[in-house]
1. Given an 8 Å cut-off on Cα distances and at least 6 residues of separation, report the relative contact order of the chain as a percent.
2. Calculate the FRET efficiency for Arg78 and Lys12 from the Cβ-Cβ distance with a Förster distance of 41 Å, rounded to the nearest 0.05.
3. Within the chain, which is the longest segment containing none of the GluC sites (Glu not before Pro) that sit in a DSSP loop and have at most 16 other Cβ atoms within 10 Å?
4. Give me the lysines in straight-line cross-link reach of Lys15: C-alpha distance below 19 Å, same-chain residues under 8 apart excluded.
5. I need the trypsin sites (Lys or Arg not before Pro) found in region 30-137, filtered to DSSP loop residues with at most 16 other beta carbons within 10 Å of theirs.
6. Would you please state which residues of region 86-118 a label at Glu125 would reach in this model, taking the label point 7 Å out along Cα→Cβ and a backbone N cut-off of under 16 Å?
7. Taking a virtual spin label 7 Å from the Cα of Glu142 along the C-beta vector, which residues in region 1-28 bring their backbone nitrogen under 17 Å of it?
8. Based on the Kirkwood radius over alpha-carbon pairs, what is the Stokes-Einstein translational diffusion coefficient of region 69-110 at 25 °C with 0.890 mPa s viscosity, in µm²/s?
Amino acid sequence: MAEELQIKGSTKKEKYEELLPQIEALIGGEKDVIANMANVAAALKQTFGFFWVGFYRVIDDELVLAPFQGPIACTRIRKGRGVCGSVWQEARTLIVPDVEQFPGHIACNSASRSEIVVPLIHNGEVSAVLDIDSDTLDSFDETDRHYLELICKQL
Ligand code: SME
């Protein structure tokens, strides 16, 4: 694996297309999930400059904060609570264009305006979620969903 990410594209789609094989190379040889989550969070932050990007893992009956990049965040989220807890419950990606319009949204940071949360599924069960927050409204679309779901499948 190269020491540095090589991202030259200018559109979001181009960046994801370049990032995908590099993430594969980065995590393919490593079996520790925490190490891989840490590098994926860093790679996404570095490529797109997201306000907050990170993981929560399902541990017993809660989501527990895992590797992330960005400001400090809530450490535990219950099933069905907020965007992350809803994604765990529903086992599907949620795109939230305006967090203030999402009932029960958990404001870990008041600067967060829009959000996408993608589940990681192992043996038919949600094992973790990838959460990305933006400080601008309506930052995420079907392109993000498509590529972030592919990245989560690699983990
Ligand atoms: N806003 C999330 C909580 C996690 S933080 O944004 C990092 C939610 O509503 O689930």
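1. On the way: 284 pairs, mean separation 31.0, N = 155.
Result for the chain is 20 percent.
2. 0.80
3. 31-155
4. Straight-distance partners of Lys15: Lys45, Lys153.
5. Those that pass, being in a loop and sparsely packed, are Lys31, Lys79, Arg92.
6. 88-91
7. Of the residues in region 1-28, 12-14 have backbone N under 17 Å from the label point off Glu142.
8. 223
Bear in mind that the values in this text are calculations on the coordinates, not laboratory data. This structure is a prediction, so every number in the text was calculated from the model and none was measured. Every residue, glycine among them, receives a Cβ derived from its backbone with ideal geometry; neighbour counts consider all protein chains shown.
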